[in-house]
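Student: Got a structure for you, questions after.
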2 protein chains.
Amino acid sequence: MNPYLKENSWSIIEESFDPKKHEISESVFSIGNGHMGQRANFEETYSGKSLQGSYMAGVYYPDKTRVGWWKNGYPEYFAKVLNSTNWIGLRIYIDGEELDINKVKITNFVRELNMREGFLKRKFTAYLHEDKGIDIEAVRFVSAADKEIGAVSYQITPFNFNGNLEICSYLDGDIKNTDANYDEKFWEEAAQNAFANRAHVTVRTKKLNFQLCSLMETQIYRDGEKLRISAVPEESSKYAAVNFHADLIQGKTVTIYKYAANVTNRDHEESLLYQAAEEALDKAVTKGFNLLKEEQAEAWKKKWNDSDIVIDGDLSAQQGIRFNIFQLNQTYNGEDARLNIGPKGFTGEKYGGSTYWDTEAYCLPFYLATSDNQTARNLLVYRHNHLGKAKENAAKLGFEKGAFYPMVTMNGEESHNEWEITFEEIHRNGAIAHAIYNFTNYTGNTSYLLDKGVEVLVEISRFWEERVNFVTDKGVYMILGVTGPNEYENNVNNNWYTNRIASWTLEYTLEVLEFIKSEHPQLYREWTGSLALKEKETEKWKDIINRMYYPIEEKKEIFLQQDNFMDKELMHVNELDQKHLPINQNWSWDRILRSCFIKQADVLQGLHFLNHEFDIYTKKRNFDFYEPMTVHESSLSPCVHSILACELGYKEKAYEMYLRTARLDLDNYNNDTEDGCHITSMAGTWMSVVQGFGGMKVIKGVLHFNPLIPDQWDAFSFKVVFRGARLFVHVDKEQITIANEADAAEVFVNSEKVVLEPGRKISISHR
Amino acid sequence: MNPYLKENSWSIIEESFDPKKHEISESVFSIGNGHMGQRANFEETYSGKSLQGSYMAGVYYPDKTRVGWWKNGYPEYFAKVLNSTNWIGLRIYIDGEELDINKVKITNFVRELNMREGFLKRKFTAYLHEDKGIDIEAVRFVSAADKEIGAVSYQITPFNFNGNLEICSYLDGDIKNTDANYDEKFWEEAAQNAFANRAHVTVRTKKLNFQLCSLMETQIYRDGEKLRISAVPEESSKYAAVNFHADLIQGKTVTIYKYAANVTNRDHEESLLYQAAEEALDKAVTKGFNLLKEEQAEAWKKKWNDSDIVIDGDLSAQQGIRFNIFQLNQTYNGEDARLNIGPKGFTGEKYGGSTYWDTEAYCLPFYLATSDNQTARNLLVYRHNHLGKAKENAAKLGFEKGAFYPMVTMNGEESHNEWEITFEEIHRNGAIAHAIYNFTNYTGNTSYLLDKGVEVLVEISRFWEERVNFVTDKGVYMILGVTGPNEYENNVNNNWYTNRIASWTLEYTLEVLEFIKSEHPQLYREWTGSLALKEKETEKWKDIINRMYYPIEEKKEIFLQQDNFMDKELMHVNELDQKHLPINQNWSWDRILRSCFIKQADVLQGLHFLNHEFDIYTKKRNFDFYEPMTVHESSLSPCVHSILACELGYKEKAYEMYLRTARLDLDNYNNDTEDGCHITSMAGTWMSVVQGFGGMKVIKGVLHFNPLIPDQWDAFSFKVVFRGARLFVHVDKEQITIANEADAAEVFVNSEKVVLEPGRKISISHR
């Protein structure tokens, strides 16, 4: 870790260019709008090390699985996020010499990700020779207002010479994923052409027939005046460009505007693809760069208005939390229920796939509290749409009924291929059920539950019913051979979290069925009919609930992570020589497995999810036992610990954990940000502030706040929507202040009931 | 399974040609001599499906590991048996048309593997056209007398026409392994040339610089008379050939003799390689084909004299056991301590590597009882030679001391890459220790133990010392996170077999150290010095022995395969619908893991290895509990069960298990013989007869026989050497007869002590 970014409340700023950090910056300064995203690659040629990356949401490729030793049940294909047509590219020649930051002298380099207004800006001075200096300023964004539109403004000002400028503005669709298993290209040629100042490339995936049509217009201005120069078109396979010649006049600025429409056959009929691109592009060109940029600022203003968090007195923390919120809003906006939140969002292609249990466990609360219901609801609809595939997946693994959701997926089919995860990390099914509860409990809106959720719950419950086994001698149900959230244990028996979330799913499903039966009897008849739900099934679920086995340690009165956990050599992470850390880079897998060390919250994940079930002493005993053995080597770990530490009043621990999550990518803690940012764990950071320091919980549909402010902060504030209410919550050293901009809400603050009328603001001192 | 081979006591015979079975036959009819081996590919062109395979012992390639998800500790390379220069090849053209069994009409096809004399013979009639018929007879062998020599006799007799014959006799070194991870060729060109009637190809591996020099002479005869025809040489990269033209005269036989020397830089200096090949070839050519073949028969006569087993009244069983003995003798002869016994021998390349724990657990007893001590001793020396690498392997996985032998190896380095096996199947270390005990106990020869064995034992003991962990609360040592011999359980705690073999290793090591201390005090001082053996180490070992934890089931009084085994849903294999079998082809891996079903002997492996430690009732209780849950989906499983069943008097079960091992490849039980034969399990078949039905055991250096003859057999007999004695043991329905050809021996027959003077024969009735 070697922080190099300047602290700033609204921007990420890099003030000099270091080729060694370039790929990290390419990730951090990424832009996206939910439909597409773009790493912070340079527009002009860069011959140094770089991960060129453009990504289109929902466009993927089924790459053939690579494996050492095949196991029955592995998927044949791994759905991968596709790196796609480069639409930002410019080749700049000055007096015949190409501008390449890797080769020319660069000064005054500044790169800025303006989070408030949603654009990337870069300025530098380049000396092709000592007497041939130019100032460059490049600005770009992908529009939050017009999702298919990206725009670039690229300004060149020669300050000590007159010369000749050649510009090649291109679209390059001949792109390869860096993580292709067999070094294969996934895109093939469909069509391309160039004419006047426009260029067009349509490419098609070799399988599944995804089509991406990119259409671009390039305009050249000098000192605000459009130049009437004709372009020379250029075409080759999967490539099209327009070439311009212009004079460079000392002190005069040449501006290149690139407008690109990127449309896919996910959104448009194949035969109308080009037409759709043309319509989008025409509209954008008519507006022009400045208006588009104003619309972008407006769109982001609205996003910030819904989701901003302010931290006073800790600029570094302020920047960190805004960066996380910014990236979440760039990645997913809930407009399209076929999409989800990939672990790298649009910032890289590692891990492939788009959907992990991260979505339900970490991301859902953010979208629930900062967007309208539809955004969060679409995350649930996504899983409902995949229910058929989840049932197929269960059948493939030998189950007679029920649904088993994949560990990693793009289209509902499993993509992962490690048996201990793919087949055994079954707790993910519980998180998907829990999300339905979470959504309903938070929003008070039962429409998803009634329309779709109940179906998902019943099918997941059927999976659990078949997955448990009854041990006659002991008179209990057990779940053997699983991997819990702590992936540093594999193929264990009776992981407490898995047993509990399985049983909880059955409890909740029965509760939901009872609710529908009494409140919506006609609907109940329809569902039991279409699901062919039998009484002996629900009776069996009750029996499992009653006789589920939970491993416990009686002396310490803690839940046991799994059977026989106490047989391990128990020690705390801080007893370990630091040279061993992180253990996942220093220890062989067997050593990790037989050690007591915990990758991420496991028992504690259960105490977090089902928080209201457990008293504070139970939480404390378990936290005190497990946290010291936890190495937090998953980016998803610190947030859960931070939230629980807040609840337990462990202020220092909570802040320590918060720091590990908030600036993970900005400070490149895990030394892997060059592969992309850790998008899903960013939602965990948001949770650390709102649920942790803000102490926000929804218990039986009622909103609670129990704030705890870190010593390092003067104050912090956040915004949440809760049912009809829109709350602005401000916490300082003395008090918590809540303002309500919309419908009345009843909330509990430090266990004290408060009624917030519309437009009212109340302050309550800390106890 | 669809048996197509003719039953015969001394030969394997296929009486018609079926392209679908050709690859199976290529495996079954393989020939080998410990130095090299050759699948039963056709000499002439065959354009149908075939696995062309020539293999040179000890010549391997470090193929880059292929893996889905990398784990720390995985080896970078997988040492693979190398498919190498094809030296048998002939291209035969008759009147310009190539002879290709895939394309011409074939009748009277007979393929015979003559096991008594060690050669492969093939006869058939081919019709290129109706009026153009030829009889072909091809005989070949790799010499057991001159290990570098292979010879082919190929006879062509036109019986209804005169014509023109073109012969291309070639060496082709441009060979690719079918199991290459990245479809790469491993051999590169070194040298080749052709001249007069000789051709030469030397190839070199891309890594490790193995060199194989093949030199061949081709002679053409007609009706016993050598033809004076000049050859046309042909050379290209990694290829050399000589081409002949001759007349075909109706009724006259043209015979092509191919003599090939295959020498490697494992046995000769690189600069003298060609010269070594020339010397070997000159000698062979001088002898001529017929004399070489007589020497071959003589060499095999000696082998059979030492190791034959005769079964009367069951031709199928007779053929099966001879086939197994034949293949074992083809694969390993103990002349070279750098070699070992690959799971496919010279019959295929699947699984790569050459050495598994199969060698110690299954193969050693065969070589102990049928060869001089040196053969078995060299199998132990092999592991001693790899001790340094085993220590490196332990260090790589984080151990501070001790030796951890690899799961699969060629040169001592680990080749395997599945964490649950590579890192966790640690019981293999115990088998390597046990082999030292077995050798010493059987031969009475302590020289290996004193010279080298003690060093291996101490280093393995040190590994166990570090691998156990002490559970303070319970006051016991445990071994967590292992895979036992039953690979259908992964990452379990306290696998009984592993705990027992670990503790046994410590016990035996201490016993050996005590023995050396009292009998060879000077040597003891030397060893404790060079090993830096400390008293606190041996004290720790004693503590581990005293406080090792063994899982047991108290009610049933059985050893528990591992902790919590009884929590599984226990059922017998015969309760399973047959459509599920074999489960490794029908079930996903997680389902296999959480089921009770057992791949191969696990607890029972311990009762087999440490047989004398347990009373008959203990064996019975455990056998009765575990065997019905065992699916025997490893070729190594049935033999151990057959031996124990014999001891328990379960005659039917013993015979059933014997059948599953004896004709595994001949009847292609596992539907995979096309990949090669299951060489190591063949030694298990031998054990089933000698240790099972013969009831042979060596208890504290004393030989015991407790025979049990299957109802299906009239009689059976086998030969064993035991210390100075050479015993011929014959068992019929009434009695057991033992004849001794050498030094006196005291043996127990059905617990009755018998002294066998040299040249004496005794008979004892069954009880």
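The values are calculated or read from the model by the stated rules, or taken from the named source; none is laboratory data. Predicted model, so just to flag it, every value in this text is computed and none were measured. Please note: Cβ atoms are built from the backbone with ideal geometry, for glycine as well, and neighbour counts cover all protein chains shown. Accessible surface areas use protein heavy atoms only, side chains included; no ligands, DNA or RNA. Shrake-Rupley method; radii C 1.70, N 1.55, O 1.52, S 1.80 Å.
Student: Pull out all pairs, ordered by first then second residue, where Cβ-Cβ is under 7 Å, the residues are six or more apart or on different chains, the first lies in the range A:187-205 and is farther than 12 Å from A:Ile175 by Cα and in a strand (DSSP E or B), and the second is open to solvent by 40 Å² or more (accessible area, probe 1.4 Å) and of a type in the set (Asp, Glu).
Tutor: So the pair list comes out as A:Gln192/A:Glu235; A:Asn193/A:Glu235; A:Ala194/A:Glu234; A:Ala194/A:Glu235.
One line per residue, one yes/no per condition, for (1) aliphatic (A, V, I, L, M); (2) surrounded by 24 or more Cβ atoms within 10 Å (Cβ to Cβ); (3) part of a loop (DSSP other than H, G, I, E, B); (4) away from chain B (no Cβ under 13 Å):
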| residue | (1), (2), (3), (4) |
| --- | --- |
| A:Asn340 | no, yes, yes, yes |
| A:Glu349 | no, no, yes, yes |
| A:Thr359 | no, yes, no, yes |
| A:Asn378 | no, no, no, yes |
| A:Tyr382 | no, no, no, yes |
| A:Glu392 | no, no, no, yes |
| A:Asn429 | no, yes, no, yes |
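Student: Ok, one more. For the subset of the range A:590-612 comprising residues that are open to solvent by 30 Å² or more (accessible area, probe 1.4 Å) and either in contact with a helix residue (DSSP H, G or I) (Cβ under 8 Å, 6 or more places away or on another chain) or without any contact (Cβ under 8 Å) to a residue 24 or more places away in the chain (or both), which member is nearest to B:Val468 (Cα to Cα)? Spell out how you get there, then give the answer.
Tutor: Of the residues in the range A:590-612, the ones open to solvent by 30 Å² or more (accessible area, probe 1.4 Å) are A:591, A:594, A:599, A:612.
Still in the running and either in contact with a helix residue (DSSP H, G or I) (Cβ under 8 Å, 6 or more places away or on another chain) or without any contact (Cβ under 8 Å) to a residue 24 or more places away in the chain (or both): A:591, A:599.
Working: A:Arg591: 12, A:Lys599: 23 Å.
Looking at residues that are open to solvent by 30 Å² or more (accessible area, probe 1.4 Å) and either in contact with a helix residue (DSSP H, G or I) (Cβ under 8 Å, 6 or more places away or on another chain) or without any contact (Cβ under 8 Å) to a residue 24 or more places away in the chain (or both), I get A:Arg591.
Student: With hydrophobic (A, V, I, L, M, F, W, C) and open to solvent by 10 Å² or more (accessible area, probe 1.4 Å) as the only criterion, which of A:Phe439, A:Phe463, A:Phe399, A:Phe404 stands out?
Tutor: A:Phe399
Student: For the range B:360-390, how many residues are of a type in the set (Gly, Ala, Ser) and closer than 16 Å to B:Pro406 by Cβ?
Tutor: The qualifying residues number 3.
Student: If you don't mind, another one. Within the range A:413-424, restricting attention to residues that are surrounded by fewer than 23 Cβ atoms within 10 Å (Cβ to Cβ) and within 14 Å of chain B (Cβ to nearest Cβ), which residue is farthest from the chain's Cα centre (by Cα)?
Tutor: Among those residues, the one meeting the criterion is A:Glu418.
Student: Something else now. Taking the residues in the range B:62-78 that are in a strand (DSSP E or B) and open to solvent by 10 Å² or more (accessible area, probe 1.4 Å) as candidates, determine which candidate is farthest from the other protein chains (Cβ to nearest Cβ).
Tutor: B:Pro62
Student: What's the number of the condition A:Ser143 fails, among (1) modelled with pLDDT of 95 or more; (2) surrounded by fewer than 20 Cβ atoms within 10 Å (Cβ to Cβ)?
Tutor: The number of the failed condition is (2).
Student: I need every pair where a residue in the range A:465-483 that is more than 10 Å from chain B (Cβ to nearest Cβ) and part of a strand (DSSP E or B) has its Cβ under 7 Å from the Cβ of a residue that is at pLDDT 95 or above and open to solvent by 30 Å² or more (accessible area, probe 1.4 Å), sequence separation at least 6 or different chains.
Tutor: A:Tyr477/A:Phe470; A:Tyr477/A:Arg547; A:Tyr477/A:Tyr549
Student: How about the range B:566-582: which of its residues are more than 10 Å from every other protein chain (Cβ to nearest Cβ) and part of a helix (DSSP H, G or I)?
Tutor: Result: B:Val573, B:Asn574, B:Glu575, B:Gln578, B:Lys579.
Student: Step by step: first the residues of the range B:490-500, then only those that are closer than 18 Å to A:Gln562 by Cα and open to solvent by less than 10 Å² (accessible area, probe 1.4 Å), then the one that is nearest to the other protein chains (Cβ to nearest Cβ). Which residue is that?
Tutor: Taking the range B:490-500 first, the residues closer than 18 Å to A:Gln562 by Cα are B:490-495.
With the extra rule that they be open to solvent by less than 10 Å² (accessible area, probe 1.4 Å), the set shrinks to B:490, B:494-495.
Values: B:Asn490: 5, B:Asn494: 8, B:Asn495: 13 Å.
Only one residue tops the list, namely B:Asn490.
Student: Right, something else. Could you tell me which numbered condition A:Glu455 fails, if it satisfies all but one of (1) closer than 22 Å to A:Leu397 by Cα; (2) within 14 Å of another protein chain (Cβ to nearest Cβ); (3) open to solvent by 10 Å² or more (accessible area, probe 1.4 Å)?
Tutor: Exception for A:Glu455: condition (2).
Student: Testing A:Ala284 on (1) under 20 Å from the mean Cα position of the chain (by Cα); (2) buried (at least 20 other Cβ atoms within 10 Å of the Cβ), one condition comes back false. Which one is that?
Tutor: Result: A:Ala284 passes all but (1).
Student: Considering the range B:98-121 alone, what residues qualify as being open to solvent by less than 10 Å² (accessible area, probe 1.4 Å) and in a strand (DSSP E or B)?
Tutor: Passing the criteria: B:Phe109, B:Arg111, B:Leu113.
Student: Just need a number here: residues in the range A:676-693 that are in a helix (DSSP H, G or I) and closer than 16 Å to A:Pro582 by Cβ.
Tutor: Final tally of qualifying residues: 1.
Student: Kindly list the number of the only condition in (1) open to solvent by less than 20 Å² (accessible area, probe 1.4 Å); (2) under 24 Å from A:Glu400 (Cα atoms); (3) within 14 Å of another protein chain (Cβ to nearest Cβ) that fails for A:Ala433.
Tutor: It is condition (3) that A:Ala433 fails.
Student: Also, I was wondering about something else. In the range B:32-56, how many are within 24 Å of the chain's Cα centre (by Cα) and without any contact (Cβ under 8 Å) to a residue 60 or more places away in the chain?
Tutor: 2
Student: Filter the range A:206-230 down to residues that are under 20 Å from A:Glu43 (Cα atoms) and at pLDDT below 95, then give me how many there are.
Tutor: Looking only at that region, the number is 0.
Student: Looking at the range A:287-305, which of its residues are crowded, with 17+ Cβ neighbours inside 10 Å and more than 14 Å from A:Ala145 (Cβ to Cβ)?
Tutor: A:Trp304
Student: Here is a check on your reading of the model: is A:Val59 part of a strand (DSSP E or B) and open to solvent by 20 Å² or more (accessible area, probe 1.4 Å)? Don't jump to the end; show me each part of the working.
Tutor: Details: part of a strand (DSSP E or B): yes; open to solvent by 20 Å² or more (accessible area, probe 1.4 Å): no.
Spelling it out, it is not the case that A:Val59 is part of a strand (DSSP E or B) and open to solvent by 20 Å² or more (accessible area, probe 1.4 Å).
Student: Could you check the range B:514-528 and list, in sequence order, the residues that are open to solvent by less than 50 Å² (accessible area, probe 1.4 Å) and out of contact with any helix residue (DSSP H, G or I) (no Cβ under 7 Å at 6 or more places or on another chain)?
Tutor: B:Thr528
Student: Same structure again: Any residue at all in the range A:680-689 that's open to solvent by 30 Å² or more (accessible area, probe 1.4 Å) and either closer than 16 Å to A:Ile643 by Cα or under 20 Å from the mean Cα position of the chain (by Cα) (or both)?
Tutor: Checked the range A:680-689: no residue is open to solvent by 30 Å² or more (accessible area, probe 1.4 Å) and either closer than 16 Å to A:Ile643 by Cα or under 20 Å from the mean Cα position of the chain (by Cα) (or both).
Student: Give me a count of the residues in the range B:636-660 that are hydroxyl-bearing (Ser, Thr, Tyr) and over 18 Å from B:Phe609 (Cβ atoms).
Tutor: Residues flagged as hydroxyl-bearing (Ser, Thr, Tyr) and over 18 Å from B:Phe609 (Cβ atoms) within the range B:636-660 amount to 3.
Student: Counting only residues that are open to solvent by less than 10 Å² (accessible area, probe 1.4 Å) and more than 19 Å from the chain's Cα centre (by Cα), which one in the range A:13-31 is farthest from A:Gln318 (Cα to Cα)?
Tutor: In this case the residue turns out to be A:His22.
Student: I'm trying to understand the selection: among the residues of the range A:649-669, which are part of a loop (DSSP other than H, G, I, E, B) and open to solvent by less than 30 Å² (accessible area, probe 1.4 Å)?
Tutor: A:Arg663, A:Leu664, A:Asp665, A:Leu666, A:Asp667, A:Asn668, listed by residue number.
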